[in-house]
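The structure appears right after this line, and notes come after that.
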Amino acid sequence: MNRHTSPKTQARLADFMDGLNRRNPHQPEFHQAVLEVATHIIPFVLENPKYENARIFERLTEPDRLVTFRVCWEDDEGNVRVNRGYRIQHCNAIGPYKGGIRFHHDVTLSVLKFLAFEQTFKNSLTGLPMGGGKGGADFNPKGKSEREVMRFCQSFMTELFRHIGPYTDVPAGDTGVGGREISFMFGQFKRISNQFTGALTGKGLAFGGSEIRVEATGYGCVYFMLDMLKHHGHDLEGKTCAVSGSGNVAQYTAEKLIQLGAKVVTLSDSDGTIYDTAGIDAEKLEFVKQLKEVKRGRIQEYADHFHCEYLAGKRPWAVPVELAFPCATQNEIDEEDAQTLVKNGCIAVSEGANMPSTQRAIDVYQLNGVLFGPSKAANAGGVAVSGLEMTQNSMRLSWSRDELNTRLRDIMAKIHERCVKHGRQDGQVDYLKGANIGGFIKVADAMLAYGVM
Ligand code: NDP
């Protein structure tokens, strides 16, 4: 909402959020995600009464379907363990439900509803025919043996399989779900459905996976930053960058930054941050990949190995950098972190993680002219290549790495263009507004065409 917002619009937004909070009590992440979008969509629908009259935005804040289920499995000591699994099928107006599966101890209905809601806008922004969904479980893969993870994934899929399929709902990975977990789940899906179809993406290359999928979210996040910088007369080369996290998105964000000549000085995990003033190079990054994907160790081991500073219990945002890439988790940059980033000369933020900046942090960026690439635009590269994996599976062929990288680059450039087109505000580009409105229109028009349902 900007300073020209009328009292009528402000009242409508307040009324809308009151209703949403009442219908969805104790779901703070979901409230936060909806407010971030409603701030732009409420004024937009009031200016475009066809959407307001059909109550499109109200409908879009109520998921099509929520599925929750019990997941029982046996640990290595023979104890029976019970977790809760979820699939949120948020909206399939423009294509089958599509979105990742998260395994993390803090997974709740609120977290998955926020992710599924965001996913609907993100998938629309890619220009590909994908609806929005998300799923997961409150299962913590950390410290579990390979066999325990396998048994959990198989049990999870034994229930989930009846809700998914290539024309219905196509899950992928997310936090705690990488290639290993997708493989266990796809194996079980294939076995019990007796079908070899593209019902999951992020599969191994030997069984229907796509080149560039592993790299896509991180690479896309850097491409989006590159386009924001170029559009505003800046360059990426030589810039000092903070990246948070050390999982899939963080690793490939760092990789692309290094390839393009930027200097990456941080990575982190939930225990702390490494600060390498010499810069992380390709060789050091390979160490991180082995550490995280094979050894499943902690990022502190990087500091011990390469003799750099380790900031125990700290996030990277107090380190002086020009560019920030939050790639770990939601709400990892708060107002104070954002102020510190600005004070230290940060000029742009591109979000690899989903909703990593709090609303107050976003306010700080906007007040200080920091270019802000919101997650639904900046990290859409992952789902975009998942969409391309679905296309390749349907056609029963595989495109080359170069072809896929070119398509990813093109999709990210088009997302940037859409954000610029819909995000003009007082002579500037408000990328959050652009992403929200750009993602909304296609879904809303499809819903209008279907009539009331
Ligand atoms: P991974 O599980 O591969 O890595 C997550 C990283 O974030 C780990 O380093 C983890 O550290 C850290 N982390 C997780 N929770 C916290 C926390 N509470 N505080 C500090 N650090 C934390 O996940 P991904 O890289 O796949 O996903 C990261 C983010 O990117 C998520 O927000 C996800 O939704 C988003 N995303 C992912 C996509 C993908 O293709 N994978 C696509 C689009 C968005 P630790 O090991 O200590 O937990």
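How much accessible area does Arg147 have with a 1.4 Å probe, in Å² rounded to the nearest 10?
Surface open to solvent at Arg147 totals about 150 Å².
Relative to the compact-globule scaling 2.2 N^0.38 Å, provide the ratio for the alpha-carbon radius of gyration of the chain. List each step's numbers first, then the result.
On the way: Rg = 21.0 Å, N = 453, 2.2 N^0.38 = 22.5 Å.
Relative to the rule-of-thumb radius for its length, the chain sits at 0.94.
Let me spell out the model: positive unit charges on the Cβ of Lys and Arg, negative unit charges on the Cβ of Asp and Glu, origin at the Cα centre of the stretch 121-245. What dipole size does that give, in debye rounded to 20?
Details: 14 positive and 12 negative charges, 79 e Å.
About 380 debye.
Explain nothing, just the number: dipole magnitude of the chain about its Cα centre with +1 on each Lys and Arg Cβ and -1 on each Asp and Glu Cβ, in debye rounded to the nearest 20.
Numbers: 53 positive and 54 negative charges, 270 e Å.
It comes to approximately 1300 debye.
Looking at the chain only, what percent of DSSP beta bridges run antiparallel? Nearest 5 please.
Numbers: 28 of 47 bridges.
Beta bridges within the chain, antiparallel portion: roughly 60 percent.
From the residues Ala242, Cys327, Gly313, which one has its Cα farthest along the dipole of the stretch 216-378 in the positive direction, the dipole being from +1 and -1 charges on Cβ of Lys/Arg and Asp/Glu about the Cα centre?
Of the candidates, Cys327 comes out farthest on the positive side.
Considering only protein heavy atoms, with the full assembly of protein chains and a 1.4 angstrom probe, order Asp304, Asp138, Asp75 by accessible area, largest first. Don't jump to the answer; show the numbers that get you there.
Numbers: Asp304 95, Asp138 55, Asp75 10 Å².
Ranked from most to least accessible, the order is Asp304, Asp138, Asp75.
List, largest first, the extents of the alpha carbons of the stretch 7-61 along their principal axes, each in whole Å.
Here the spans come out as 31, 23, 16 Å, largest first.
Amide H neighbours of Phe372 under 5 Å, at least 5 residues apart or on other chains, H built in the peptide plane: list them.
Val349, Tyr431
Taking a 1.4 Å probe, which of Glu351, Glu146 shows the most accessible area, and what order do the others take after it?
Glu146, Glu351
Hey, rough spin-label estimate for Ala11 and Gln290, points 7 angstrom out along Cα→Cβ, what's it come to in nanometres?
Spacing of the two 7 Å Cα→Cβ label points: 6.6 nm.
To the nearest 500 deg cm²/dmol, what mean residue ellipticity at 222 nm is calculated for the chain from DSSP H runs of n ≥ 4 alone, each contributing -39,500 (n - 2.57), summed and divided by the residues? Spell out each step's value before the answer.
Working: 17 runs with 219 residues, N = 453.
So the calculated ellipticity at 222 nm is -15500 deg cm²/dmol.
Report the accessible area of Met390, computed with a 1.4 Å probe over the heavy atoms of all protein chains in place, in Å² rounded to the nearest 10.
Counting only protein heavy atoms, Met390 exposes about 30 Å² to solvent.
When Lys and Arg each count +1 and Asp and Glu each count -1, what net charge do the other residues less than 10 Å away from Lys98, Cβ to Cβ, add up to?
Values: positive: Lys122, Lys134; negative: Asp169.
Once positives and negatives cancel, what remains is +1.
Give the distance, in whole Å, between the Cα centre of the stretch 161-219 and the Cα centre of the stretch 381-444.
The distance from the Cα centre of the stretch 161-219 to that of the stretch 381-444 comes to 21 Å.
Can you find, among Ala199, Ala361, Leu125, the residue farthest towards the positive end of the dipole of the chain? Put +1 on the C-beta of Lys and Arg, -1 on that of Asp and Glu.
Ala199
For the chain, with the dipole built from +1 on Lys and Arg beta-carbon atoms and -1 on Asp and Glu ones, taken about the Cα centre, which of Gln10, Leu66, Cys346 lies farthest toward the positive end?
Positive-most Cα among the choices belongs to Leu66.
Go through Lys230/Lys414; Lys421/Lys442; Lys144/Lys190; Lys292/Lys414 and tell me which ones have a Cα-Cα distance over 22 Å in this structure. Provide the component values of the computation, followed by the final result.
Working: Lys230/Lys414 14 Å; Lys421/Lys442 14 Å; Lys144/Lys190 24 Å; Lys292/Lys414 33 Å.
Over 22 Å apart, Cα to Cα: Lys144/Lys190; Lys292/Lys414.
D for the stretch 130-209, whole µm²/s, Stokes-Einstein with Kirkwood Rh over alpha-carbon pairs at 20 °C and 1.002 mPa s: what number? Each step should come with its number before you reach the end.
On the way: Rh = 12.8 Å.
D = 167 µm²/s.
Order Arg296, Arg396, Arg162, Arg180 by their accessible area, 1.4 angstrom probe, all chains in place, largest first. Kindly include the intermediate steps, with their values, before the conclusion.
Details: Arg296 115, Arg396 190, Arg162 140, Arg180 40 Å².
If we order Arg296, Arg396, Arg162, Arg180 from most to least accessible, we get Arg396, Arg162, Arg296, Arg180.
To the nearest 20 debye, what is the magnitude of the charge dipole of the stretch 7-61 about its Cα centre, counting +1 on the Cβ of each Lys and Arg and -1 on the Cβ of each Asp and Glu? Mind dumping the intermediate values first?
Details: 7 positive and 7 negative charges, 40 e Å.
Once rounded to the nearest 20, the dipole reads 200 debye.
Near Lys343, which aspartates and glutamates are there with a Cα under 19 Å away, not counting those fewer than 8 places off in the same chain?
Counting by Cα, and skipping residues close in sequence, Lys343 has these aspartates and glutamates nearby: Glu322, Glu332, Asp334, Glu335, Asp363.
Quote the accessible area belonging to Trp399 in square angstrom, nearest 10, computed with a 1.4 Å probe and with ligands, DNA and RNA left uncounted.
Estimated to the nearest 10 Å², Trp399 gives 40 Å².
The values are calculated or read from the model by the stated rules, or taken from the named source; none is laboratory data. What you see is a predicted model; the values in this text were computed from it and never measured. Every residue, glycine among them, receives a Cβ derived from its backbone with ideal geometry; neighbour counts consider all protein chains shown. For accessibility, only protein heavy atoms count, side chains too; no ligands or nucleic acids. Shrake-Rupley method; radii C 1.70, N 1.55, O 1.52, S 1.80 Å.
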